[in-house]
Each structure stands twice: as C-alpha cells, then as structure tokens.
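Remarks on the structure that follows.
The values are calculated or read from the model by the stated rules, or taken from the named source; none is laboratory data. Keep in mind the model is a prediction, meaning the values are calculated, not measured. Cβ atoms come from the backbone with ideal geometry, glycine included; neighbour counts cover every protein chain shown. Keep in mind that these areas ignore ligands, DNA and RNA; they rest on the heavy atoms of the full protein, side chains included. Shrake-Rupley method; radii C 1.70, N 1.55, O 1.52, S 1.80 Å.
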Amino acid sequence: MMVAVGMTGLIRAEWAMARWGQVIPCNFQVVDYVMWLSQFTPLGYLVADARNLAVQEFLGKDIEWLVFIDHDTIIPPDFYVRFNERVIHERVPVWSGLYFTKSVPSEPLVFRGKGTGYYADWKMGDKVWVDAVPMGCTVIHRSILEVMWKDSEEYALGNITKIRRVFNTPGKVWCDPATMTWNKVSGTEDLDWCWRIIEGGYFTKAGWPEYQKKKYPFLVDTSIFCRHITENGTVYPSKGEELRFAKK
C-alpha cells in the first residue's frame, strides 16, 4: 500500500499521533508519500490536483493499493490491521472509513443518490454499500486508477506538464438562452470521481464487473470510525451526533 497525504502545511498533534501510532500487522509493507515539502508539493492547488499528483506517483511504483488519509482525518489505531484483513479476505476495489462533516450538527459522509442528503439507515459497525465515498480515509485498488488515468485528459500543473485529471472539482456556470436564467453546477472531487466510475463503466474496465452491476458499489466500513479535526483542535462530530447511529 502507498499512503498519500495532501497537506496545507499544518497538522494537529492528534492527527500525527494517530497517523504514526498505528498497530502494524505482521509481514506488512507500506510506503509513505507526504506531498508537503516534496517536489510534488500541492500547496496552493485544489484538492483534486493534490490527488492527481498522488495518483501519478502511485502508478509509477509497483504498489497495489493507494490509501488517501487527509491531514484533517484522524484514523483509529487499528486502521492498518483492518486494511490488511480486508485486502486478504474481501478484495473490495474501493472502500472507506466513516467520518462526519465539520459542522454543527455534524452529518455522516454516507451517501446514496445525488442531492438526497446523507443516508441514515445503518448502525455503527455496519458495512454500508453506497454510490459515493469521501476521500479522507479511502482505499483504492491500482486497477481502477490505471484505467481512469488512461482515459483522463492531460493538463499542466505548475512545472508538471503531464499530470492527468483523474480527479476533478466540478464547477460550471452558464446562461440558458431558452429561459434567460443563470445556472450553476458545483461539487467535490471525491463524489464526482465516484460517479464518474459508475457512469464510465470503470469497474468493468478494471476487471471488477460484479461491482459494476451493483447499485451501490462502494463500501463504507462504519467500524473504522475516524474523527474530523480543525486547525484549532475542534473534533467532529462534536455534539455526540454519532450516538444516533449506536446499536441498541
């Protein structure tokens, strides 16, 4: 596995303790790719650009799994152990841990459907199948990224001229001449990426046709409960919102 961490330049001590205090499974190999203070520094770029840099670096190495752990997502101490078990026994091509929005009230980033809010019919510890996952604690198989990289347009990113737009932050504003109204489309790079996989048939192209047939092909493992932290140390969910999903 390769762990990719995009940074703005600052991390909390809580994040560092969680990140480098992981329980390490036996006979386990991991490569760290910290994009801050490297030749691929994403400072000043969109999140999507940082992820594209990580994908480029990942595909240039002989590694099977890419793991995104964002600099504001505190992972539980047994994340590597759970990753190892899933890789050995389940082989799910794209899956994530659970975390909540940095807001009050805080909402779980678990989605079924576009524009329908969060999905709530689950309990902590469940494996929830969804049609999109966030990228703060997410595992992706190499085959998915390889086929998407081949299909993605090249663009310039600073002095890097052959980066590819695997991830993209959707944003479009236009005037409809028929109705004389202004329209806007916006979103986040993670959900856009997931929907692109489904609509583009990338599970099938990458050799996972059984997932292409699923209505909800991505997995959120809610037993991997992460925390979302701000620069001032506020941790979300901050008002006990996760208790609504506790098993009785």
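Some notes on this structure:
- Just so you know, in segment 51-60 the residues that are open to solvent by 10 Å² or more (accessible area, probe 1.4 Å) and in contact with a Phe, Trp or Tyr (Cβ under 9 Å, 6 or more places away or on another chain) include one that is modelled with the lowest pLDDT, and it is Glu57.
- Residue count for segment 62-118 satisfying the condition of being more than 12 Å from the chain's Cα centre (by Cα) and among the hydroxyl-bearing types (Ser, Thr, Tyr): 6.
- Residues in segment 156-180 that are assigned to a strand (DSSP E or B), at pLDDT below 80 and not β-branched (Val, Ile, Thr): Gly171, Lys172, Trp174, Cys175, Asp176.
- The residues on offer are Glu189, Glu153, and the sole one that is modelled with pLDDT of 90 or more and surrounded by fewer than 18 Cβ atoms within 10 Å (Cβ to Cβ) is Glu153.
- Members of segment 215-241 that are touching a Phe, Trp or Tyr at 6+ places or on another chain (Cβ under 7 Å) and outside any strand (DSSP E or B): Tyr216, Pro217, Cys226, Pro237, Glu241
- Picking from residues in segment 1-34 that are β-branched (Val, Ile, Thr) and more than 16 Å from Asn232 (Cα to Cα), the one that is modelled with the lowest pLDDT is Val34.
- The single residue among Phe245, Phe225, Phe218, Phe203 that is of a type outside the set (A, V, I, L, M), touching a Lys or Arg at 6+ places or on another chain (Cβ under 6 Å) and buried (at least 17 other Cβ atoms within 10 Å of the Cβ) turns out to be Phe245.
- Residue satisfying condition, being open to solvent by 10 Å² or more (accessible area, probe 1.4 Å) and either more than 21 Å from Cys194 (Cα to Cα) or not charged (D, E, K, R) (or both), within set Ile69, Ile63: Ile63
- Residues (out of contact with any Ser or Thr (no Cβ under 7 Å at 6 or more places or on another chain) and either under 14 Å from Met1 (Cβ atoms) or touching a residue at least 40 places away in the same chain (Cβ under 8 Å) (or both)) located in segment 96-119: Gly97, Thr101, Ser103, Pro105, Pro108, Val110, Phe111, Arg112, Lys114
- Qualifying residue in segment 97-104 (condition: in contact with a Gly (Cβ under 6 Å, 6 or more places away or on another chain) and part of a loop (DSSP other than H, G, I, E, B)): yes
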